[in-house]
Amino acid sequence: MERLDGLPGPQIAILREEMESLVKVMYLLRLDMGEREATARNVLDGRGFCDPSGQPITDQEMLAVAGTLHGWAKIVYTFARVFIHFASLYSFASRDPLDQLTTAERRTIVDHLNGCHEGRLNDKSPFDALAPLLVRVFNNISMNLTCYLAILEAGRSIEPV
């Protein structure tokens, strides 16, 4: 991620993928072992991220379950959902993508970055002020993903908080 310094589009795309992986792992950790194994089997057999009956698992379903683990799951996913559009729709040099957000979306991102990643942003901060924090966000999510994967690989679960 550090090698992409100054290239926010690719950074955001990678960040979104890491966030999506984190939410999926958090979702799996809340399932009983039978459901977890069936879901994993569906993925490994090429049927995608589906429940035991073969129905695709939606983002909303994942968030509903994963969000019972930690309240920040929804914030992380909101952050990712908003930012994925930046990677493909906006030229960072010609337009500030934060200007395209609702006040609530912007507030969610600013609060998350200030509270969890040592940001010093306000509601009027431009994207250029946010971009240097992307590596910190990635590293934090990557560390959490590594921990949750170890729990998943050990066949354990996590109780809701």
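Things to note:
- Region 47-58 - phi-based ³J(HN,Hα) in whole Hz, Karplus 6.51/-1.76/1.60, Gly and Pro as x: 8, x, 7, 10, 6, x, 7, x, 7, x, 8, 7
- By the count of neighbouring beta-carbon atoms within 10 Å, fewest first, 124, 24 end up ordered 124, 24.
- Taking amide hydrogens as placed 1.01 Å from N in the peptide plane, the amide H of residue 50 sits under 5 Å from those of 43, 57, each at least 5 positions away in sequence or on another chain.
Each value in this text was obtained by applying a stated rule to the coordinates, not by laboratory testing. Given the structure is predicted, the values throughout are model-derived calculations rather than measurements. Heads up, the Cβs are rebuilt from the backbone with ideal geometry, glycines too, and the neighbour counts pull from every protein chain shown.
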